[in-house]
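The values are calculated or read from the model by the stated rules, or taken from the named source; none is laboratory data. All figures in this text were calculated on a predicted structure; none of them were measured in a lab. Please note: Cβ atoms are built from the backbone with ideal geometry, for glycine as well, and neighbour counts cover all protein chains shown.
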Amino acid sequence: MGIRIGSRTVKFDMPPNIISFSSVAGKDEMNGPYGSCFDITFEDGLWGEKTYELAERKMQLKAVETALKKSGLKADEIHLLFGGDLLNQIISSGFVARQMGIPFIGLYGACSTMSESLLVGSMAVDGGFAQHAISTTSSHFATAERQFRNPLELGTPKTPTAQNTATAAGAVVLSARRGQYPSVIYATPGRVVDMGINDVNNMGAAMAPAAAETIICHMEDTGRQPGDYDAIVTGDLGVFGSELLIKYASESGWDLSGVHKDCGALIYEGNKLMHCGGSGCGCSASMLCGYFLPELIKGNLKRILFVATGALHSPTSALQGETIPSIAHAIAIETGYSL
Amino acid sequence: MDIKKNIDATNYQEYVKRAMPKSHLFKECLMAFIVGGLICVLGEALNDFGGNVIMLDEAGVNAFRSATLIFLGALFTGIGIYDVLGRFAGAGSIVPITGFANSIVSPALEYKWEGYILGVGAKLFTIAGPVLVYGISSSIIVGIIYYIIGVI
């Protein structure tokens, strides 16, 4: 069983292995620079379904099924399914769990859900409470617009700091099985940080301090340096949020500039219509499962710190004038780890 | 590590405001002027057409122009063009009556899946509702003031 080190990092005793993973992405993501990385892509937002909510559910289901297939396991061998999404009552995940029949722990961490589900999933596997577990999440541009913003066909311009919710999903199979796999070594749960940003169109600025805090805390707890990682991958800070992270981490004495990458800034890189980049649970999930984990397996990366970031506001809290509380969880993943 | 000890929240908010990417005010005003202007030119053309070609009286011309523009706004919303226009035209396509049509038709399309009563019926005015509430309320207040001035 894992131990706590420093102020809040968990060091896994028998680091859970990532034995398989899968990613699903929509059209804009497919046309982005990482389009060829995703396992499954689709053109039409509805993906043959009647509603966008059903399409999102299908995305998450396909991600889970594909990851499961790659692992060679059957659904009844998976002891726990950790999932969440952006919709009210996390319906995408709940309905996927209904279909899969795997004991389900629903999570809400907004766009931080991928690292949140990996964190809890790794704890369950390392703790011996599950032999195999799946961590999954999804987001869909159209369902998120319905949930948080305006009707799709409403003709209003976006602000330059706005980000585009990625239509994407990812799933990871965590396992106590030993072998040559990427392993989850550390997990640093985030604290909720609120620096008083209340602009819901500038989520990167709201989340950057939370990411900075979790990353710095992780370094302090583990005694590692940013340079010990081949990449420190944040979830969806976007272009501007990433600048803020680098600036404020450096003001606290930590230079992240060489190793930091942001899934939100990468996923649509070069597409001006996307303003500051991508966001949503699926953004970091699909980039982790589509790009970073394969790079770890290929050996191009040895060790990454995956820090998905989430804004924990709701449309109601925003209308009532509340600021945006944010969170980031860090997961240290590396290859070649031996017990 | 407590980030709040390292970063002062007020300074942070000020820095974010200063450093965040800004809208290109001039470019956006220009686009709004051009697109909004063109919609108004279309309105004028409809006026002339209604008055001079199909020989409508003044009330008829007003109704003809408004109804045609609303129809076009709804049509272009339905075929998925109005939101693309709005992305770069901004106020130029929001303020004219076509924008009003867009604000009603877009929720109608959006919420059809939740049914005609609690979906379309309940959500139809989510965007246009405030405009109607305060538009009608202020017209009543202005009407009362107008009446009082008339009596005096």
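The rows are residues; the columns are (1) hydrophobic (A, V, I, L, M, F, W, C); (2) surrounded by 24 or more Cβ atoms within 10 Å (Cβ to Cβ); (3) farther than 28 Å from A:Glu334 by Cβ.
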site	(1), (2), (3)
A:Met195	yes, yes, yes
A:Ala210	yes, yes, no
A:Ser257	no, no, no
A:Ala265	yes, yes, no
A:Glu269	no, no, no
A:Leu273	yes, no, yes
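The residue that is modelled with the lowest pLDDT, among those in segment B:35-61 that are surrounded by 13 or more Cβ atoms within 10 Å (Cβ to Cβ) and among the aliphatic types (A, V, I, L, M), is B:Leu56. Of all the criteria given as (1) surrounded by fewer than 23 Cβ atoms within 10 Å (Cβ to Cβ); (2) out of contact with any Pro (no Cβ under 8 Å at 6 or more places or on another chain), the one not satisfied by A:Asp126 is (2). Residues considered: B:Ile127, B:Ile140. Of these, the only one that is part of a loop (DSSP other than H, G, I, E, B) and over 21 Å from B:Thr68 (Cα atoms) is B:Ile127. Does A:Thr113 qualify as being away from chain B (no Cβ under 14 Å), touching a residue at least 24 places away in the same chain (Cβ under 8 Å), buried (at least 23 other Cβ atoms within 10 Å of the Cβ) and part of a helix (DSSP H, G or I)? For A:Thr113, the condition - away from chain B (no Cβ under 14 Å), touching a residue at least 24 places away in the same chain (Cβ under 8 Å), buried (at least 23 other Cβ atoms within 10 Å of the Cβ) and part of a helix (DSSP H, G or I) - is met.
Residue by residue, here is whether (1) among the basic types (Lys, Arg); (2) at the interface with chain A (Cβ under 9 Å from one of its Cβ atoms); (3) over 14 Å from the mean Cα position of the chain (by Cα); (4) closer than 17 Å to A:Glu145 by Cα holds:
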{"site": "B:Ser106", "(1), (2), (3), (4)": "no, yes, no, yes"}
{"site": "B:Leu118", "(1), (2), (3), (4)": "no, no, yes, no"}
{"site": "B:Ile127", "(1), (2), (3), (4)": "no, yes, no, yes"}
{"site": "B:Val131", "(1), (2), (3), (4)": "no, no, no, no"}
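Checked against (1) at pLDDT below 95; (2) crowded, with 17+ Cβ neighbours inside 10 Å; (3) in contact with a Leu (Cβ under 9 Å, 6 or more places away or on another chain), B:Phe64 passes all but condition (1). As a summary of the residue check, B:Gly99 satisfies the conditions (1) at the interface with chain A (Cβ under 9 Å from one of its Cβ atoms); (2) crowded, with 20+ Cβ neighbours inside 10 Å; (3) in contact with a Leu (Cβ under 9 Å, 6 or more places away or on another chain) except for the one numbered (3). Considered as a group, the residues in segment A:148-173 that are touching a Leu at 6+ places or on another chain (Cβ under 7 Å) and among the hydrophobic types (A, V, I, L, M, F, W, C) include one that is surrounded by the most Cβ atoms within 10 Å (Cβ to Cβ), and that residue is A:Val172. Scanning segment B:6-29 for residues that are more than 9 Å from every other protein chain (Cβ to nearest Cβ) and exposed (fewer than 12 other Cβ atoms within 10 Å of the Cβ), which turns out farthest from A:Ala162 (Cα to Cα)? Among those residues, the one meeting the criterion is B:Asn11. With respect to A:Ala142, determine if the residue is under 30 Å from B:Ile79 (Cβ atoms), at pLDDT 95 or above and in contact with a Ser or Thr (Cβ under 6 Å, 6 or more places away or on another chain). No: the conditions fail for A:Ala142. Candidates are the residues of segment A:222-246 that are within 14 Å of another protein chain (Cβ to nearest Cβ) and assigned to a loop (DSSP other than H, G, I, E, B); the one that is farthest from A:Ile185 (Cα to Cα) is A:Leu237.
Of the helices (runs of 4 or more DSSP H) lying entirely inside segment B:1-99, those containing at least 1 residues that are within 30 Å of A:Ile5 (Cα to Cα) span B:3-6, B:9-19.
Each row is one residue, and each column tells you yes or no for (1) closer than 21 Å to A:Arg146 by Cβ; (2) surrounded by 17 or more Cβ atoms within 10 Å (Cβ to Cβ).
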site: A:Met14; (1), (2): no, no
site: A:Ile19; (1), (2): no, yes
site: A:Glu29; (1), (2): yes, yes
site: A:Phe38; (1), (2): no, yes
site: A:Glu53; (1), (2): yes, yes
site: A:Thr66; (1), (2): no, yes
site: A:Lys70; (1), (2): no, no
